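Beneath this line is the structure, given in structure tokens, with notes to follow.
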Amino acid sequence: MHRRNLIVTAVAATLTGVGVAAQSPPSTEPHAILFGTVFNDSHFVIQGARIVAYNQASPKKKYRAVTNYRGEYRIRVPAGNGTYVVLASAPKFARTERTVEVYGIDKSTANLILEPRKKRKSAPATSKTG
């Protein structure tokens, strides 16, 4: 009975696309790496910051990452020379961006510092007395 359960599980995993068959083969295309660390204004790392990068020559194609517990991110981009805009954002912080040059298949670093979002001043309360 135990062997039958294993076979049923294996068949179900294959049919649902889970397992080794569902993994895409490693990319054989050459690529470059954009990487860096996101800090706050006190130079502490920010975990969970969202990173978006795009080549200025083709801004519609976006590459995304999220920083790990050490505030680090890593994005694979197509090999070749280009200027990439790297944007970082996180809750309670103002979005920031930086440009970085990519050459061939090299690694390029773009560290970013996020400043706290400025609090909006609310309009003074007016009271109606009468």
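A short reminder: the numbers here are calculations on the coordinates, not readings from a lab. These numbers were taken from a predicted model, which means no experiment stands behind them. Using ideal geometry, Cβ is built from the backbone for each residue, glycine included, and neighbour counts are taken over all protein chains shown.
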TODO: Report ³J(HN,Hα) in whole Hz for each residue of region 68-81, in order, from the Karplus equation J = 6.51 cos²θ - 1.76 cosθ + 1.60 where θ = phi - 60°; Gly and Pro get x.
DONE: 7, 5, 9, x, 9, 9, 8, 10, 8, 10, x, 5, x, 7
- [ ] For the pairs K60/K107; K60/K119; K61/K107, note any where the Cα-Cα span goes beyond 28 Å.
- [x] K60/K119
Task: Loop-located chymotrypsin sites (Phe, Trp or Tyr not before Pro) in region 61-123, at most 12 other Cβ atoms within 10 Å (DSSP) - done: Y69, Y103
Task: Kirkwood estimate for region 27-113, i.e. one over the average of 1/r between Cα atoms, Å - done: 12.9 Å
Task: FRET E, pair I113, K60, Förster distance 30 Å, beta-carbon r, rounded to 0.05 - done: 0.65
